[in-house]
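Okay, structure first, notes after.
Each value in this text was obtained by applying a stated rule to the coordinates, not by laboratory testing. Because the structure is a prediction, the values reported are computed rather than measured. Don't worry about glycine lacking a Cβ; one is built from the backbone with ideal geometry, like all the others, and counts go over all protein chains shown.
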Amino acid sequence: MYYSPTYGKVSLEDLKKIISSFMASDKKAHYEIIVGSDSQKVKKETYDFVSALIIHRVGYGGIYFWRREVIKRKISLKERIYQEATMSLQTSENFVNFFKTNGISKYNIQIHVDIGKNGETRDLITEVVGMIRSSGYDVKIKPQSYGASKVADRYT
């Protein structure tokens, strides 16, 4: 189940219809498909993970959807970053499989990860970027990773 600020609670079937309709409404536009995930500790040993799927009609706005997963156990920072990356990969794979039949999956998907050259996560850049690239996706880190650091972060 996904959620949208525009459409509310959205089933997978409705998600497919909404995205197909959005992209069909302007076939000449340039689209970017972006997936980003973020997490926050909400209480002792409970972490909130959010993954966002963004359809950006470049120069004309876009729509996005998000889903939440709550994990109740102690998690290190490294494990949290890997969990975020894994959620983004899962969301991307689901998108590709779900939209194979109508040509939407021909678009390159960018995965935005919430790591950067400054801060505690800088040591993970090579590993996480390599994991995502080896799965066949473009990857962006901070400050270009707005899908994770702005959109997904809004819901954690």
task: Filter the trypsin sites (Lys or Arg not before Pro) in region 52-156 to those in DSSP coil with at most 11 other Cβ atoms within 10 Å of their Cβ, and list the result.
output: 72, 73, 74, 117
- prompt: How much net charge surrounds residue 98 when only the other residues with a Cβ under 10 Å from the Cβ of residue 98 are counted, with Lys and Arg +1 and Asp and Glu -1?
  reply: 0
field: Sequence-separation-based contact order of the chain, relative, with Cα cut under 8 Å and 6+ spacing, percent
entry: 27
- prompt: Where Lys and Arg each count +1 and Asp and Glu each count -1, what net charge lies around residue 156 among other residues with Cβ under 15 Å from its Cβ?
  reply: +1
task: Note the angle between two axes, namely the Cα long axis of helix 125-134 and the longest principal axis of the Cα atoms of the chain, as a number of degrees from 0 to 90, rounded to the nearest 10.
output: 40
- prompt: From the list (i) 0.93; (ii) 1.23; (iii) 0.97, can you say which value of Rg/Rh (Cα atoms, Kirkwood Rh) was derived from the structure given?
  reply: (iii)
field: Added length on full extension, which subtracts the Cα-Cα distance from 0.36 nm per residue, residue 134 to residue 24
entry: 36.5 nm
query: Which pairs in the list 44/150; 74/140; 9/100; 16/72; 74/142 are over 29 Å apart, alpha-carbon to alpha-carbon?
result: 16/72
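Which net charge results for the neighbourhood of residue 2, defined as the other residues with beta-carbon distances under 10 angstrom from its beta-carbon, given Lys and Arg at +1 and Asp and Glu at -1? It would help to have the intermediate numbers written out before the result.
On the way: positive: 9, 67, 68; negative: 14.
Its environment carries a net charge of +2.
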query: Gaussian network model of the chain, Cα springs within a sub-10 Å range: biggest mean-square fluctuation belongs to which of 139, 42, 128?
result: 42
- line: The distance between the Cα centres of region 139-156 and region 1-54, in whole Å, is 13
- line: Between the modelled labels at residue 100 and residue 77 (7 Å from Cα along Cα→Cβ) the distance in nm is 4.0
query: Taking 0.36 nm per residue of separation and subtracting the Cα-Cα distance, what length does fully extending residue 108 through residue 70 add?
result: 10.8 nm
